[in-house]
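The values are calculated or read from the model by the stated rules, or taken from the named source; none is laboratory data. Predicted, not measured: the structure shown is a model, and the values here were computed from it. Here Cβ is always computed from backbone atoms with ideal geometry, including for glycine, and neighbour counts include all displayed protein chains.
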Amino acid sequence: MFNISLKIVDNVKDDVRPLIRRLNKRTNWNDISKENLRLLKELLAEKNYITFVGHTNRYHLRNVGESCLYDIPQNRRGALKIFRGKRVRIVCVRSGRYDRVLMAGEIN
């Protein structure tokens, strides 16, 4: 579980950012939004992001397209243990009633 005070604003300027911004600016789910989400998932997969399920209380991400950065501690367990000691971007790619599907990858 991450304390919300450890959440870092995602201000990384890379080729992922435009897709995240488009999803965050959407007003409804239409074909364009669905296509942007599909493109985002493909791009994140190409960049070797991992996919895992997380709860909103643990990662503090609620909406599809929402993202943030976290510094992963050395004693981290679970899905993010492969990122120990690194900074990662976490992106919400699907929402459910209680859990979210998230993708995480290392940021240089």
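Listed by first and then second residue, the pairs linking a residue in segment 17-40 that is at pLDDT below 95 to a residue that is of a type in the set (Asp, Glu), with Cβ atoms under 8 Å apart and 6 or more places separating them unless they lie on different chains, are Asn24/Glu66. A count restricted to segment 6-37 and to residues that are surrounded by 15 or more Cβ atoms within 10 Å (Cβ to Cβ) and within 20 Å of Ser95 (Cβ to Cβ) stands at 11.
Going by what's in this entry, would Gly65 be described as over 12 Å from the mean Cα position of the chain (by Cα) and small (Gly, Ala, Ser)? No. If I filter segment 76-87 for residues that are surrounded by 16 or more Cβ atoms within 10 Å (Cβ to Cβ), under 14 Å from Val101 (Cα atoms) and touching a residue at least 40 places away in the same chain (Cβ under 8 Å), do I get at least one hit? The answer is no, given that none of the residues of segment 76-87 is surrounded by 16 or more Cβ atoms within 10 Å (Cβ to Cβ), under 14 Å from Val101 (Cα atoms) and touching a residue at least 40 places away in the same chain (Cβ under 8 Å).
So, of the residues in segment 1-57 that are in a loop (DSSP other than H, G, I, E, B) and polar (S, T, N, Q), which turns out to be nearest to Phe83 (Cα to Cα)? Here the answer is Asn48.
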